[in-house]
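Beneath this line is the structure, given in C-alpha cells, with notes to follow.
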Amino acid sequence: MVPRSDTENMSTATNVDATAVNTIGWLSASDTTIVVPVYQRQYRWDIGGCEQLLGDIRAVADTDDGHTHFIGSILSSAATRDADGVADPEDTDGARLVLIDGQQRITTLMLLVAALHHTLAADDPELARELEQVLVRADDPTRTKLRPHRAWADVFESVVLGRRSPADAQRDSRFDDNYAFFRSQIRPDEAAHIWRGLQKLEHVSITLGTSANAQQIFESLNSTGEPLRDHELIHNYVLMGLSHAEQSEIENEYWLPIEQNTGEQIGSFWRHYLIMLTGREVTVAGERGVYDAFRHEFPRLGIDTLRRHAAQWRGLSDIYRTLLEPERSGDPLIGRHLAHLNTFGRGTYPLVMRLLRDHLHGDLDASGFLESVEHLQSLLLRREVVGLSNDRLVARLCRAADLGPGALVHAIARITPSDERARVGLKYGDLPHAAYVLGRLADVDPDGLEIEHVVPLSPGDDWSGDGERRWADYTDDEQNAHRALAGTLGNLTLLETELADRAFDASFPAKRDLYARSSVATTAELAAATGWGTAAISARTELLTARFVEVWKRPAVVGIDDDNLTPVLDAKKRRGWPRGWQREFDYVEFRGEHWEVKDVRYLFNRVFKRLWADSRQSVIDYSSRRGGPLYPSMAWNGQWDEVAEGQYLYMGWDSKYMLTAVQGVLEEAGWASEVFLKYSYIGDAMS
C-alpha cells in the first residue's frame, strides 16, 4: 500500500497549522509573501529537474478536471513581528512567511510562471494579469512575492520581473539557466494548456507559529531525515491514484513477489531492469536516477497497462533471483556458468537477465546462452588482467543485443583485450580472481581448496627455492624480483587445506612431496620441478597463459582493442560544471574522424554545427520536438552562437543538458553508434 504521509495523520498542535491547498491559489493570495532565510542552501535545481516538473504539469493538464498533481509539503513559519504586529524588515524583507522547506520547488515554479508570463504578455493581457498575481506583491508591484536570501534576491527579481540588462547576459546563475530553459520550451499556443496544468498542482501547507524554532526544525529536516529510496518511490508511483481494491491487487499479486524474489537487492533489480530496457546507463549516486528513469519510461500507468507491465516485472524478478542464486537454475551447466559470472559482481545482470529471459521463452537455445555467458567472462576477466575498468560496459552491450546475436558478439569482441595484451598482463601483474581462474584452468571446483603461493608472499629467512641458498642469502635485487612475481599466474596453484597448512612457508623442496599428493592436476605438475625461482615462475606463466587464452577466448570476429573509448550514449552526465570540466576528454572519435575536443561545451557546439551541415533535418526535428536548443532568433539575453543565417544555438545550458542534447540529436541522425569519447585522467577522476 502507499504509505500515508505524516501530514495525513497530523492532528492540531500548538504553533502548527497544516492544510491541503491549491498551490497556484496559495501563491496568488494577496497575503502570500515569502522570504528564504539565511540558513537555506543556494538554489540548485538543474535542467533535468525543470524538465521533469514541466513534464508533470503537461501530463496533469491532459487529465480530467478532477485530477490533480501533489508536489509534497511546503513548510514555513510566521515572520517575527514586534508588539504592534509589524514584521522586522531586516529579517523578512516585509514578508509574511519564512520558508523552511520547499525553496527549490517554489522557486522553480516561480521561474516557470515568469517564463509563461513573458511569453504571452503581449498576446493575452488577461491571462498575463492572472500570472502576475502569482509573481508580484499586491502592495508593491516592483517586488516579487518570493524573496530569496538577499545574496541572490536581486538576480532572482531581475529574471522574474524581466529587468535583466545586457551586462547580465554572461552571468552564471541557475535562475537564468532554468528560466531560459522554460522559455525555450513554452510555445505561445501552449500557454493556456500549461496554465491549466499549473492550476492543478496541490501541496500541504504547514505553517509554524511564531514560537516555533525554525532553525532547529530546518536542521532536523535536512540532517536526520531518511529520504525515500528509489524502489520505494517506484512503489508509491505505481500505486498512487488506484482504488483500494486495485492497490491490494497490484501489491499482493505483483509487488510482494518482486520483493520476495529480490530481497535486499530490490533497488539493484530496478536499476538493472531499466538498463536492460533502455540500453542506457542509469545514474544512482546523488540523484533519484532510477526513479526518474522509471517515470520517463512509464509516464502513465492505467490499471490495465499496469497489470501487463507488472506481470513482466514479476517474471523478470524471478529470473533475477536465479542470477542471485544460480543453484536455482534447472540446468546445472547454466547454473555453474552463472555462478562463474558472479565472480565479477552484478554489473552484467542487465544483459544476462535479458539473455536468460530469451532462453526461458524459447528465443535463445542453451548453447547460444552459454556462449554469450562465456564471452562475458572472457571480456570481464581479460579487462581486469590488463588493468581496464569494467564500469559502464553493460548498457552498450544491451543495445547491441537488441540488434541480434551477431551484433552482441561483435560488441563484446571490440572491447575484449587481445591475446597479446592478456599475455603481458598475466606475465607481470597479480592474477585477479585467483580461485576462479585456477579452478577453471584445472577443471576443479575451488571450494575447499586454498590458494597456494609457491614462493610465499613474505618468505622467512630460511626459505629456499633449491634447498641450497637461504632467502636471507638472496641479493636485494633477487628478493625484489621474486616478490614482484609472487602474485602472478605462474606462482599460484590450488591445494587441499590439509596440505596447504603443512606447506605454509616451507621451502620448495619440502613442498614438492605435498604437491605430488594433490588431486589437482596443475598442482601435481609442480612436483616435477627441481627448483623454484623467477625463471620457473615465468615458464609456468607462459604455459598456463596458453591454456588461459583458450578457456577465456576472445570472440573470433574482426575487431579492435578500442583504447578504452566510451560510446557517446554511455558518457557520464555531470551536475552543473564540476572542476576540471574544460579538460574532461582527450579526444572524440566522430564517425572515423579524430576530433581534438576537450569538453562537453565544445562538443555540443561542434556536433550541432556538423549535423546542421550534414544532417540538417535531424537538427530541425530534434529541436522542434524538444523545444531547442536551436532557435530562429536570440529570444532572450544569454550566450548564443550563430549556426547559420537566422539559426542560433543557445550556449547557456548546463553540462548535463548539453550532453543530453548531443546524445539526442545524434540518435535522431542515426549516428550515435559511431561516436566515441576518450576520457582524460581528469575526466575519469571527476565526480
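Compared with the dominant principal axis of the Cα atoms in the chain, helix 332-342 is inclined by about 70°.
The coefficient of translational diffusion for the range 452-498, derived via Stokes-Einstein from the alpha carbon Kirkwood radius under 4 °C and 1.567 mPa s, stands at 114 µm²/s.
Computed from the C-alpha gyration tensor, the three semi-axes of the ellipsoid equivalent to the range 458-528 are 22, 13, 10 Å, from longest to shortest.
Nonpolar atom fraction for the chain, defined as the carbon and sulfur part of the 1.4 Å probe accessible area, stands at 48 percent. Over all distinct Cα-Cα pairs of the range 480-583, the Kirkwood formula returns a hydrodynamic radius of 17.7 Å. Here's the picture: charge each Lys and Arg Cβ at +1 and each Asp and Glu Cβ at -1 in the range 593-644, and of Val597, Trp636, Leu611 the one pushed furthest to the positive end of that dipole is Trp636.
What pairs in Lys609/Lys678; Lys145/Lys572; Lys200/Lys573 have C-alpha atoms more than 29 Å from each other? Pairs exceeding the cut-off: Lys145/Lys572; Lys200/Lys573. Rounded to whole numbers, the Karplus 3J(HN,Hα) couplings from phi for the range 99-110 are 7, 9, 9, x, 4, 4, 5, 5, 4, 5, 4, 4 Hz, using 6.51 cos²θ - 1.76 cosθ + 1.60 with θ = phi - 60°, and x at Gly and Pro. Here the translational diffusion coefficient of the range 610-687 follows from Stokes-Einstein with Rh set to the Kirkwood radius across Cα pairs; for 10 °C and 1.306 mPa s it amounts to 115 µm²/s.
Bridge orientation summary for the chain: considering DSSP beta bridges with both residues in this region, about 75 percent are antiparallel.
From helices alone, the chain scores -15000 deg cm²/dmol at 222 nm; the rule is -39500 (n - 2.57) for each run of n ≥ 4 DSSP H residues, then divide by the residue total.
Pairwise Cα distances in the range 269-350 exceed 19 Å in 48 percent of cases.
Over the chain, the hull volume per residue, using the convex hull of the C-alpha atoms, is 217 Å³. Charging the Cβ of each Asp and Glu at -1 and of each Lys and Arg at +1, and nothing else, the dipole of the chain about its Cα centre rounds to 1120 debye. Using a/c under 1.5 as the rounded threshold, could you call the range 145-204 rounded, prolate or oblate? The axes a ≥ b ≥ c are square roots of the C-alpha gyration tensor eigenvalues, and prolate needs a/b larger than b/c, oblate otherwise. Because a/c hits 1.5 or more and a/b fails to exceed b/c, the range 145-204 counts as oblate. Normalising the Debye intensity of the range 268-406 to I(0), with uniform scatterers on Cα atoms only, and taking log10 at q = 0.08, 0.09, 0.22 Å⁻¹ returns -0.22, -0.28, -1.51. Hydrodynamic estimate: the Kirkwood radius of the range 543-635 over Cα pairs, inserted into Stokes-Einstein at 4 °C and 1.567 mPa s, corresponds to D of 76 µm²/s. Within a straight-line Cα-Cα reach of under 13 Å, Lys427 can be paired with the following aspartates and glutamates, leaving aside sequence neighbours fewer than 8 residues apart in one chain: Asp419, Glu542.
Considering only Leu161, Leu111, Met686, the residue lying farthest towards the positive end of the dipole of the chain is Leu161, judged by Cα position with unit charges set on Cβ.
Would you please classify the overall shape of the range 424-548 from the alpha carbon gyration tensor, given that a ≥ b ≥ c denote the square roots of the eigenvalues, rounded means a/c under 1.5, and beyond that prolate means a/b larger than b/c while oblate covers the rest? Judged from the Cα gyration tensor, the range 424-548 comes out oblate (a/c at least 1.5, b/c at or above a/b). Using a probe of 1.4 angstrom and keeping all protein chains present, the accessible surface of the chain works out to 46 square angstrom per residue. Cα-based values for the range 647-687, radius of gyration first and Dmax second, are 12.6, 37 Å.
The values are calculated or read from the model by the stated rules, or taken from the named source; none is laboratory data. Not measured: the values here are computed from a predicted model. Please note: Cβ atoms are built from the backbone with ideal geometry, for glycine as well, and neighbour counts cover all protein chains shown. Accessible surface is based on the protein model in full, side chains and every heavy atom, while ligands, DNA and RNA are left aside. Shrake-Rupley method; radii C 1.70, N 1.55, O 1.52, S 1.80 Å.
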